[in-house]
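Peer 1: The structure under discussion is supplied below as structure tokens; questions concerning it will follow.
The values are calculated or read from the model by the stated rules, or taken from the named source; none is laboratory data. Only a predicted model underlies this, so the values are computations on that prediction, with no experimental measurement involved. Methodologically, a virtual Cβ is constructed for each residue, glycine included, from the backbone with ideal geometry; neighbour enumeration extends over all protein chains shown.
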Amino acid sequence: MRTKTGWLMALTLAALGTAHGQTLPRLRISDNGRYFVTEGGAPFLYLADTAWGLFHFSREDADLYLKDRAAKKFTVIQAIVAHWGGLASPNAYGQPVFLDKDPKRPNELYFEHVDYVVNRAASLGLYVALVPIWSNEYVKAGASVIDKPTAFSYGKYLGARYRNQPVIWILGGDYFADGVEDIWRSMAAGITEGDGGAHLKTYHPKSPRSSAQWFHNDSWLDFNMLQTGHTIWNRNYDLVAEDWSRRPVKPVVDGEGGYESIADAFVPGGKIEAHDVRRIAYCALFAGAAGYAYGGHGVWGYRGNNRNAPAGGDSRHGPAPAFMDALQLPAASQMRRLRALLESRPMLARIPDQWLIANDYLGTVDRIQACRASDGSYAFIYTASGSKLRIRMVDRLYTKVSGKLVRAAWFNPRTGASTAIGTLEKKDFMDFTPPSSGRGNDWVLVLDDAAKHQ
């Protein structure tokens with residue numbers, strides 16, 4: 001049993017940096033309050049993959065997984081420190097997260113494995129977004145395993161231990177904060193005490209909700225996070241727009257919306273397919289989100305049991321493919337196309353603008369979503385099913401896309417290929433027909449001021 005002196009010694013060691021030194025730049029909020037940048041000011045896209053059970057992987061599985069996600073150009077990995085079932089269930093090396101299930105007694109051997117994974121991710125250019133403890137199971141009004149003092153001490157322990165590491169903090173975990181708001185505030189204060197405010201923090205709610213419902217005006221909440229729902233009827237663009245309009249201005253990330261191959265929450269017998277994932281992702285980012293978190297069924301819930309065996313699933317989420325097969329679900333590779341497109345133009349100037357679309361925006365499965373640069377130098381218009389587009393280039397006297405000549409092209413979200421349409425004389429309204437149409441035939445119309453983007 002660890003004594004009070006031993007507990008204080010653990011905190012001291014953590015403060016000295018038990019985990020290795022940082023290899024990636026720290027992240028902060030952009031000057032316009034909408035997006036993420038590195039400490040030097042370079043734009044940063046929060047493009048996450050979700051592996052909630054990552055710290056229950058063996059080191060071999062963790063290495064394999066992180067290499068795969070780095071190769072697919074993700075920038076963040078979302079993982080839970082105290083996983084559901086984690087207080088009683090050991091990691092791959094037989095170590096529970098806490099000694100005797102006591103959150104005041106973090107298990108050094110467990111956290112040495114967390115250190116390994118965080119360091120390995122950093123060496124591959126990946127930030128890790130850490131969920132300290134899963135709210136859905138452990139932090140509820142009237143049934144919480146932690147209180148305000150314990151939340152503060154645990155937060156301080158984590159903040160100090162990972163003070164010099166490239167991490168992001170996600171409090172909560174698939175649950176409402178009603179009645180336990182002060183526990184999360186106390187944990188946030190503890191993390192800040194431990195890391196000196198070095199890392200960004202948010203809260204992961206239950207679907208369909210935003211962290212803003214409880215914490216938008218809290219100074220510790222650096223950005224809002226959404227959970228928007230595992231269904232083809234996902235309308236995350238509405239939730240993103242709501243958070244975009246809030247004051248004070250804060251970035252918003254869709255932290256969970258439509259895992260690939262998971263059972264549809266509302267359509268009997270249905271499941272989320274790659275084209276659904278692409279639509280949900282593009283709509284979030286074009287609606288103004290600073291980031292999006294992908295999830296693959298068979299990956300997000302993997303606990304390091306057998307990488308080659310079907311994961312089984314359950315009645316709610318449906319059967320899951322084996323971990324090795326799930327790593328290769330098509331939309332996981334296609335997320336890099338979205339990243340490449342956004343990074344090809346000034347990201348910090350991106351603003352949502354549905355008024356570009358002169359025809360029906362449509363909804364859900366056929367959604368059309370538009371964004372542009374605030375200076376009019378470019379515009380992206382996503383059409384989920386290849387609908388014909390009428391684009392409003394000039395709104396009365398207000399120019400949407402600048403310049404006299406517009407360079408137009410079709411971007412294919414499935415392959416990343418671009419097909420030139422040509423350099424066109426700008427008119428108040430311009431019509432475009434995608435190369436193909438129908439479900440799964442999504443396209444992005446790319447419009448550039450020909451004088452600004454060569």
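Peer 1: For region 252-303, which positions are surrounded by fewer than 24 Cβ atoms within 10 Å (Cβ to Cβ) and among the acidic types (Asp, Glu)?
Peer 2: Of everything in region 252-303, those that are surrounded by fewer than 24 Cβ atoms within 10 Å (Cβ to Cβ) and among the acidic types (Asp, Glu) turn out to be ASP264, GLU273.
Peer 1: Further question: Give me the residue from region 14-36 that is among the aliphatic types (A, V, I, L, M), over 16 Å from GLY125 (Cβ atoms) and surrounded by 13 or more Cβ atoms within 10 Å (Cβ to Cβ) and, out of that set, modelled with the highest pLDDT.
Peer 2: Across region 14-36, the extreme among qualifying residues is ILE29.
Peer 1: Also: When you scan region 200-256, how many residues do you find that are free of Cβ contacts under 8 Å to residues at least 60 places away in the same chain and in contact with a Pro (Cβ under 6 Å, 6 or more places away or on another chain)?
Peer 2: Final tally of qualifying residues: 4.
Peer 1: Provide a single number: the residues in region 260-284 that are of a type outside the set (Gly, Ala, Ser), without any contact (Cβ under 8 Å) to a residue 60 or more places away in the chain and closer than 27 Å to LEU27 by Cα.
Peer 2: So the count comes out to 2.
Peer 1: Additional query: Scan region 85-100 and give yes if some residue there is of a type outside the set (A, V, I, L, M, F, W, C) and either over 28 Å from ASN305 (Cα atoms) or surrounded by 22 or more Cβ atoms within 10 Å (Cβ to Cβ) (or both), otherwise no.
Peer 2: Yes, that holds for at least one residue.
Peer 1: Right, next: Take region 104-126 and flag every residue that is of a type in the set (Lys, Arg) and in a helix (DSSP H, G or I).
Peer 2: ARG120, the sole residue that qualifies.
Peer 1: Please state which of the following conditions ILE391 fails to meet, knowing it meets all the rest: (1) surrounded by fewer than 18 Cβ atoms within 10 Å (Cβ to Cβ); (2) among the β-branched types (Val, Ile, Thr); (3) at pLDDT 95 or above; (4) closer than 13 Å to LEU356 by Cα.
Peer 2: (1)
Peer 1: Something else now. Within region 308-364, count every residue that is farther than 23 Å from ARG235 by Cβ and in a strand (DSSP E or B).
Peer 2: Residues that pass the stated criteria total 1.
Peer 1: List every residue pair whose Cβ atoms sit under 8 Å apart, with the two residues 6 or more apart in sequence or on different chains, where the first one lies in region 32-48 and is closer than 14 Å to LEU200 by Cβ and free of Cβ contacts under 8 Å to residues at least 24 places away in the same chain and the second, anywhere, is hydrophobic (A, V, I, L, M, F, W, C) and assigned to a strand (DSSP E or B).
Peer 2: From region 32-48, the pairs are THR38/LEU27; THR38/PHE44; GLU39/LEU27.
Peer 1: Take ASP314 and decide whether it is surrounded by fewer than 18 Cβ atoms within 10 Å (Cβ to Cβ) and out of contact with any Lys or Arg (no Cβ under 7 Å at 6 or more places or on another chain).
Peer 2: Spelling it out, ASP314 is indeed surrounded by fewer than 18 Cβ atoms within 10 Å (Cβ to Cβ) and out of contact with any Lys or Arg (no Cβ under 7 Å at 6 or more places or on another chain).
Peer 1: Still on this structure, I have one more. How many residues does region 37-47 hold that are in a loop (DSSP other than H, G, I, E, B) and either crowded, with 17+ Cβ neighbours inside 10 Å or touching a Gly at 6+ places or on another chain (Cβ under 9 Å) (or both)?
Peer 2: Residues that pass the stated criteria total 1.
Peer 1: Which residues, taken from region 236-292, are assigned to a loop (DSSP other than H, G, I, E, B), within 13 Å of the chain's Cα centre (by Cα) and hydrophobic (A, V, I, L, M, F, W, C)?
Peer 2: ALA289, ALA290
Peer 1: OK, next. Inspect region 77-89 for any residue being farther than 21 Å from GLU256 by Cα and assigned to a strand (DSSP E or B) and give the result as yes or no.
Peer 2: Checked region 77-89: no residue is farther than 21 Å from GLU256 by Cα and assigned to a strand (DSSP E or B).
Peer 1: Kindly indicate which of ALA70, ALA160, ALA141, ALA129 is in contact (Cβ under 8 Å) with a residue 24 or more places away in the chain, in contact with a Gly (Cβ under 8 Å, 6 or more places away or on another chain) and not in a helix (DSSP H, G or I).
Peer 2: Exactly one residue qualifies, and that residue is ALA141.
Peer 1: Which condition breaks for ASP174 when tested against (1) buried (at least 22 other Cβ atoms within 10 Å of the Cβ); (2) on the phi > 0 side of the Ramachandran plot?
Peer 2: The failed condition is (1).
Peer 1: Okay, next question. Look through region 101-150, keep the residues that are more than 30 Å from PHE44 (Cβ to Cβ) and β-branched (Val, Ile, Thr), and return whichever of them is surrounded by the most Cβ atoms within 10 Å (Cβ to Cβ).
Peer 2: ILE146
Quick grid of which residues meet (1) at pLDDT 95 or above; (2) at negative phi; (3) in contact with a helix residue (DSSP H, G or I) (Cβ under 6 Å, 6 or more places away or on another chain); (4) of a type in the set (A, V, I, L, M, F, W, C):
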{"residue": "ILE262", "(1), (2), (3), (4)": "yes, yes, no, yes"}
{"residue": "PRO268", "(1), (2), (3), (4)": "no, yes, no, no"}
{"residue": "TRP300", "(1), (2), (3), (4)": "yes, yes, no, yes"}
{"residue": "GLY313", "(1), (2), (3), (4)": "no, no, no, no"}
{"residue": "MET335", "(1), (2), (3), (4)": "yes, yes, no, yes"}
{"residue": "ARG339", "(1), (2), (3), (4)": "yes, yes, no, no"}
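Peer 1: Give region 302-331 a look and list any residue that's within 22 Å of the chain's Cα centre (by Cα) and under 29 Å from GLN369 (Cβ atoms), or say none.
Peer 2: Listed by number, the residues that qualify are HIS317, ALA326, LEU327, GLN328, LEU329, PRO330, ALA331.
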